[in-house]
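Heads up: the structure comes next, in structure tokens.
The values are calculated or read from the model by the stated rules, or taken from the named source; none is laboratory data. Everything quoted here is computed from the prediction, not taken from an experiment. As a convention, Cβ positions derive from the backbone with ideal geometry for all residues, glycine included, and neighbour counts pool all protein chains shown.
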Amino acid sequence: MGIFLLIGSFIILLIARVPIALSLILSSFITGMYLDINLGALVQRMVGGLNSFSLLAIPFFVLAGEIMNEGGISRRLINLSNVIIGKIRGGLALVNVLASTFFGGISGSAVADTSSVGSVLIPMMKKSGYKKDYSVSVTISSAAQGVLIPPSHNMIIYSTAAGGVSVAALFMGGLVPGILLGLVLMVIAYVIAVKNNHPKGEPIKKEEIPKIVREGLLGLFTAVIIIGGIVSGFFTATESAAIGTLYAFIITFFVYRDIPLSRFGVILHRTFKTLSMVLFLIAASSAFGWLLALLKVPTIVADTMLSLSPNDVITLLMIIVILLALGMIMDMAPLILIATPILLPVATSIGMDPVHFGVVLILCLAVGLITPPVGTVLFVGSAIGRISIEKVTKSMMPFYAAMVIVLLLIAFFPSLVLFLPGILIE
Amino acid sequence: ACGSSDTGTSEGVNDSGVARETVTLKLAENQPEDYPTTIGAKEFARLVEEKTDGRYKIEVYAGGQLGDERSVIEQLQLGTIDLTRVNAIPLSEFSDDIGVLAMPYLFEDEDQKWDILNGEIGQDLLETFEGSSLVGLSFYDSGERSFYNTQRPVTTPEDIAGLQIRVQQSDLAIDIINSLGASATPMEYGEVYSALQTGVIDGAENNFPSYFTSNHFEVAKYFTVNGYQGVPEILLSSEKLWNELSAEDQEIFREAALESVSVQREAWANLVEEAQKAVVENGSELVEIDDLTPWREAVQPVYDKYGEQFAEWLDRINNN
Amino acid sequence: MKTLKWIRDGLARLQLFFSLTLLTVMTLTIIYQVFSRQLLGTTPAWSEQFSKLLFVWVSFMGIAYGFRAKLHIGVGLFVGMLPEKIQDVFDYIAKTLIIMFGIVLVYYGIEFTILMNNSTMPGLGVPSSVLYAAIPVSGFFVLVYGIELLFKKGLHEKYEDISEE
Ligand code: NA
Ligand code: NA
């Protein structure tokens, strides 16, 4: 009964357009009252869910992203990508994917990627004769791909939810699948470009190239600091993020100098806004997840799945289908926190490495970001492209297919994920 | 279905023939299912159920499902979780006295330690939680913590001087390391492996099983068996549950807690043996210390600093 | 009415300023911790716990601020299909729930904060209440902003607004 009340009231609140985080915490309160639990316990769980040093990396990733973004990093990454692959047919679409791969190396946020890279490239693509829906599709699928590229605050949330899986290993584990997915997206974009006779990119003046490359690489070095710091073990995840942010700050205000130092207040404010959304979700899911544990849901789900499934392959497919389905209707951060304690034991019981499971989970939920009915990145992309969600979704089909293929590849070939952490961290 | 329901009627007669409701209690444990403390907690649960003829059933939530140690303690204070097993270190934030158990080289040997913990002094220590809405039931074993490092075999305090040693975040832990001439680096546990590997730190300290399961033995080969600190685990009840129990049932819970200690300690001893065998097979060098005197002397500054604070307990332990 | 508006906006501005200050101090604390360890060779015992304390405060301030700035997104799929008048009704229900949420945070937050006055935070030595006081304080702002929302239209920021800012 408790389980039905918890999940039922959550769904009802969700349908009634109550904010997701509020729905999570209110359904927890309702269930808490039914179970005669002091509501103080749930309030304590909200704090407990946040009171972890690893999670402190999140404000830094967000801050670094906002600093670089405001200071013109997106433009520079786009220019850099343009120098590298702009000349090929369908150049702008390829640039879009590559710029997102780079962007993913600095920020963990697909929404930030969509709104910054997208607001430059979608209008550019439209002007060059690409169709609106296609431009948005390329933008959002590559933004979702960036979630796999380290650094990624979602990996940190997973690391916490999984009880301290190594962040360094997760970051390295996401790199190969992320790049692989990027390449697959580029191949698709190229094939479509040839078929639809998309234009090549505009030529770049030779004398501008050194500056473009230098400034682009300077920005990308943020990623090297953050990822290098963590993988080398020189810094903890949180410390790396802090140092990366400091570097981004210096590059933006003392090297690029597109914006005055006085803009920092705005950057801080925007960081706070983004944080308030993410952190409320984390706090609320933590209380919700605690009740699920109290009601023994993880054990029930694990037993049911394992008894229904004839073999490990089917179990893994079941996990993927569940995650894709949940990802369609819910946001990433709360799902990581709620699904991990439930599904990780199932995954490990069929011999899956927690790092491998983490990367599969993140990719499943990344697909969820760009699928209707609830897909934050899909929404933002459609809003920027000023086009309906239905139209974008239709033109997304080849990209969905690509993502599912890559998903199955990394799910059933664990070495794609585990190879890099294996050589770099062991 | 959840929570401890009213137990007011359960006093007295067992065989009155009246079918009684079973009260289900929740015990939170942050270690995995097969860990010695979990085994101890399950034994406690079994004994309680047996001794109360099934009037009480205790469900053990292992693996940290209900939160980390600190959160669980706070949940006990609220009464939402009934029982837990936690280490004495986080508990020192809830009872000043319990911190005495973290003092270095506190006991003469294992036998003295368990005589004291299972005896009167131990019981008195467990009663220091009054006022924190917690009731201590018994002590469990989590062995002795020792130093290990990546650099060299360490036999005397002189050998460890100058090394960067990771510690838990507490002033006492830092003071102990510094008194030995090493340099204390507080750091989250999960970061220690790569920090050892890359030389951010030279060593850390822990018991055998943790040295093994954390894989630190892969990167830090020199393990000095000098058991400098043996902070026990504590089985706790919430005050809310305790006040709902009849006097007889309180007695039963205490008995069960004390009886479960031997099963827990046996499981612990087995685990230590396994871990020790495994790390040696993997090439770790165990540095045995015959005479702990130089180590005891080296940590004297720690006693100078904290001695007064724990004077009453130190006197009782030393005069035992 | 004007005075009321002035107080209300002043309160919100004060809360924002307070939150951004906490965020800045938290950032500087971690940067200091890294430099201290890498350059001075010692890690302060307080820095990790202190930055976690600030993080919890920032988060709870953000929860409240997010309601005022309409940042906490909902799923508009079903309600969005209904006539605007009915949508408004749903928004009013949600706003009432926000107010109730604020009340729960204040009530249970205070109760829990008082209970935690007996224990201390490791590394800092201050009572745990300092940490948990974030709950009722946040609850107070949730309550105020929730009431304020009753007099505003809508509850969710449109995505267009985010992108063009
Ligand atoms: Na990323
Ligand atoms: Na893109």
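Taking into account only those residues within region B:84-95 that are within 14 Å of chain A (Cβ to nearest Cβ) and touching an Asp or Glu at 6+ places or on another chain (Cβ under 9 Å), which is nearest to A:Leu39 (Cα to Cα)? So, considering only residues that are within 14 Å of chain A (Cβ to nearest Cβ) and touching an Asp or Glu at 6+ places or on another chain (Cβ under 9 Å), the one nearest to A:Leu39 (Cα to Cα) is B:Thr84.
The criterion of being among the basic types (Lys, Arg), more than 14 Å from chain A (Cβ to nearest Cβ) and surrounded by fewer than 20 Cβ atoms within 10 Å (Cβ to Cβ) holds for B:Lys221. The set of residues in region A:214-249 being charged (D, E, K, R) and within 11 Å of chain B (Cβ to nearest Cβ) consists of A:Glu239 alone.
Within region A:177-201, the only residue that satisfies the criterion of being in a helix (DSSP H, G or I), surrounded by 16 or more Cβ atoms within 10 Å (Cβ to Cβ) and more than 26 Å from the chain's Cα centre (by Cα) is A:Ala193. The single condition among (1) in a strand (DSSP E or B); (2) within 14 Å of chain A (Cβ to nearest Cβ) that B:Asn226 does not satisfy is (2).
Filtering region A:138-153 to residues that are within 10 Å of ligand 2 (Cβ to nearest atom) and more than 14 Å from chain C (Cβ to nearest Cβ) leaves A:Val138, A:Ser141, A:Ser142, A:Ala144, A:Gln145, A:Gly146. Of all the numbered requirements in (1) at the interface with chain A (Cβ under 10 Å from one of its Cβ atoms); (2) more than 27 Å from A:Val18 (Cα to Cα), C:Val25 misses one, and that requirement is (1).
Could you tell me whether A:Phe53 is at the interface with chain C (Cβ under 8 Å from one of its Cβ atoms) and modelled with pLDDT of 90 or more? So A:Phe53 fails the test. With respect to the conditions (1) out of contact with any strand residue (DSSP E or B) (no Cβ under 9 Å at 6 or more places or on another chain); (2) within 16 Å of ligand 2 (Cβ to nearest atom); (3) touching a residue at least 40 places away in the same chain (Cβ under 8 Å), A:Val187 lacks only one, and its number is (3). Taking region A:356-395, which residues are surrounded by 24 or more Cβ atoms within 10 Å (Cβ to Cβ) and either outside any helix (DSSP H, G or I) or free of Cβ contacts under 8 Å to residues at least 12 places away in the same chain (or both)? Those that are surrounded by 24 or more Cβ atoms within 10 Å (Cβ to Cβ) and either outside any helix (DSSP H, G or I) or free of Cβ contacts under 8 Å to residues at least 12 places away in the same chain (or both): A:Ile370, A:Gly375. Just one of the listed residues (B:Gly131, B:Gly190, B:Gly119, B:Gly136) is farther than 23 Å from B:Trp295 by Cβ and in contact with a Phe, Trp or Tyr (Cβ under 6 Å, 6 or more places away or on another chain), namely B:Gly136. Just checking, does region C:41-49 include any residue being under 16 Å from the mean Cα position of the chain (by Cα) and assigned to a helix (DSSP H, G or I)? Among the residues of region C:41-49, not one is under 16 Å from the mean Cα position of the chain (by Cα) and assigned to a helix (DSSP H, G or I), which makes the answer no.
Here is the figure for region B:99-122: residues that are outside any loop (DSSP other than H, G, I, E, B) and without any contact (Cβ under 8 Å) to a residue 40 or more places away in the chain total 4. Screening B:Asn243 with (1) crowded, with 18+ Cβ neighbours inside 10 Å; (2) assigned to a helix (DSSP H, G or I) gives one miss only, at (1). Restricting region A:57-99 to residues that are charged (D, E, K, R) and assigned to a helix (DSSP H, G or I), the residue that is nearest to ligand 1 (Cβ to nearest atom) is A:Glu66. Scanning region B:123-177 for residues that are in a helix (DSSP H, G or I) and touching a helix residue (DSSP H, G or I) at 6+ places or on another chain (Cβ under 6 Å), we see that the one that is nearest to B:Pro90 (Cα to Cα) is B:Leu172. Screening A:Ser119 against (1) more than 14 Å from every other protein chain (Cβ to nearest Cβ); (2) away from ligand 1 (no atom under 13 Å from the Cβ) leaves a single unmet condition, (1).
Residues being acidic (Asp, Glu), buried (at least 22 other Cβ atoms within 10 Å of the Cβ) and within 12 Å of ligand 2 (Cβ to nearest atom) are entirely absent from region A:63-77.
To keep it simple, each residue is scored yes or no on (1) part of a helix (DSSP H, G or I); (2) among the hydroxyl-bearing types (Ser, Thr, Tyr); (3) more than 20 Å from B:Tyr61 (Cα to Cα); (4) free of Cβ contacts under 8 Å to residues at least 24 places away in the same chain.
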position	(1), (2), (3), (4)
A:Asp303	yes, no, no, yes
A:Ser307	yes, yes, yes, yes
A:Met318	yes, no, yes, yes
A:Ala325	yes, no, yes, yes
A:Met328	yes, no, yes, no
A:Pro334	yes, no, yes, no
A:Leu337	yes, no, no, no
A:Thr340	yes, yes, no, no
A:Pro345	yes, no, no, no
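A:Gly8 falls short on exactly one of the conditions (1) more than 11 Å from chain C (Cβ to nearest Cβ); (2) under 30 Å from A:Asp258 (Cα atoms), and that condition is (2).
Checked against the criteria, B:Ile201 counts as buried (at least 23 other Cβ atoms within 10 Å of the Cβ), within 14 Å of another protein chain (Cβ to nearest Cβ) and of a type in the set (A, V, I, L, M). Scanning region A:154-176 for residues that are crowded, with 24+ Cβ neighbours inside 10 Å and more than 14 Å from chain B (Cβ to nearest Cβ) returns A:Asn154, A:Ile157, A:Gly173, A:Gly174. Set side by side, the residues B:Tyr56, B:Tyr61 differ, and just one is modelled with pLDDT of 95 or more, farther than 30 Å from B:Val225 by Cα, in contact with a helix residue (DSSP H, G or I) (Cβ under 9 Å, 6 or more places away or on another chain) and buried (at least 19 other Cβ atoms within 10 Å of the Cβ), which is B:Tyr56.
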